[in-house]
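Visitor: Mind having a look at this structure? Questions to follow.
The values are calculated or read from the model by the stated rules, or taken from the named source; none is laboratory data. Predicted model, so just to flag it, every value in this text is computed and none were measured. Note that each Cβ is placed from the backbone with ideal geometry, even for glycine, and that neighbours are counted across all protein chains shown.
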Amino acid sequence: MITLYSGPLSLFSRKVEIALREKELPFERIMVPFNQTSGYDPRHPEVLALNPRRQVPIVNDEGLIVYDSTVILEYLDEAYPQPPLYPQSPAERARCRLDELFADEILFMALRPLMHRNEPPAMDRDKRAAQEADALIAEAALERHYAGLNDRLTGRDFFGEALSAADIAMFMTVFWALRLGGPSLDGYKELAGWFERLSSRPAFAIAAAEVTEADRRLSYPVKRR
């Protein structure tokens, strides 16, 4: 049995959960405690013992410990190859990995200035103003990324020939931007259609619904655009 150490508001843990469910792999989930005051601190003792990076997600597969969402997805695809989450040809696999990296690092970094929105408002008025100024710059960057992704999806159902790790990573990051009150997908027809198609798949729908419920319990409410 696979054990997954996850977090209620961990984007990258939800990415792994989607992969496990798409592959129909049974798993036990240990949800690491989170609160709005200290986040994931104090860290779960098993997380500290298993991952030198001190964070989730972590997978324990019959004693094999794997961490980092990208490494986990690649391991799952090699250990449990059906259905595949990475293409077969070296060129297509490289493109998939680059898209996954884009989602996890470039698109994710663009949305980080929005993260203050699901925290209690800063008491200092100047700090609040600076946060929102940074958020406006972030929203403009996200819209530029949306436009590029929209063009990529013209005439396609997925970023590759079939559902892949790239789609999982991209979905979770776009979802995170939306939950933080970032730009809507209105005006990006192809991207919005792709997002809707993935949202209808059970693995994606479960992850989205659980994050929404965790927001209700744990986060400061965000004004949706």
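Visitor: Against the conditions (1) closer than 25 Å to PRO113 by Cβ; (2) crowded, with 18+ Cβ neighbours inside 10 Å; (3) modelled with pLDDT of 95 or more, where does GLY160 fall short? Just the number, please.
Guide: With respect to (1) closer than 25 Å to PRO113 by Cβ; (2) crowded, with 18+ Cβ neighbours inside 10 Å; (3) modelled with pLDDT of 95 or more, GLY160 is out only on (1).
Visitor: Hey, another quick one. Mind counting the residues in the stretch 68-120 that are among the polar types (S, T, N, Q) and out of contact with any Ser or Thr (no Cβ under 9 Å at 6 or more places or on another chain)? Explain how you work it out, then say what you get.
Guide: Initial filter on the stretch 68-120 (among the polar types (S, T, N, Q)): 69-70, 82, 88-89, 118.
Pick out the ones that are also out of contact with any Ser or Thr (no Cβ under 9 Å at 6 or more places or on another chain) and you get 70, 82, 88-89.
Residues that pass the stated criteria total 4.
Visitor: Something else now. Looking at (1) among the basic types (Lys, Arg); (2) more than 14 Å from the chain's Cα centre (by Cα); (3) modelled with pLDDT under 95, which one does ARG95 not meet, given that it meets all the others?
Guide: Result: ARG95 passes all but (3).
Visitor: Moving on to the next point. Would you pick out the residues in the stretch 166-179 that are under 12 Å from PHE12 (Cβ atoms) and not hydroxyl-bearing (Ser, Thr, Tyr)?
Guide: Of everything in the stretch 166-179, those that are under 12 Å from PHE12 (Cβ atoms) and not hydroxyl-bearing (Ser, Thr, Tyr) turn out to be ILE168, ALA169, MET172, TRP176.
Visitor: Could I ask something else about it? If you go through the stretch 64-82 one residue at a time, how many are surrounded by 12 or more Cβ atoms within 10 Å (Cβ to Cβ) and outside any helix (DSSP H, G or I)?
Guide: Residues in the stretch 64-82 being surrounded by 12 or more Cβ atoms within 10 Å (Cβ to Cβ) and outside any helix (DSSP H, G or I): 5 in total.
Visitor: Can ALA162 be described as part of a helix (DSSP H, G or I), on the phi < 0 side of the Ramachandran plot and among the aliphatic types (A, V, I, L, M)?
Guide: no
Visitor: Would you mind finding the one in GLY155, GLY181 that is at positive phi, under 17 Å from the mean Cα position of the chain (by Cα) and either part of a helix (DSSP H, G or I) or not assigned by TED's automatic domain parsing to the domain that holds TYR40 (or both)? Reasoning before the result, please.
Guide: Details: GLY155 fails: under 17 Å from the mean Cα position of the chain (by Cα).
Of GLY155, GLY181, the one residue that is at positive phi, under 17 Å from the mean Cα position of the chain (by Cα) and either part of a helix (DSSP H, G or I) or not assigned by TED's automatic domain parsing to the domain that holds TYR40 (or both) is GLY181.
Visitor: Pick from the stretch 105-129 the residues that are surrounded by fewer than 17 Cβ atoms within 10 Å (Cβ to Cβ) and at pLDDT 85 or above: which of them is farthest from LEU218 (Cα to Cα)?
Guide: For the stretch 105-129, the residue satisfying everything is ILE106.
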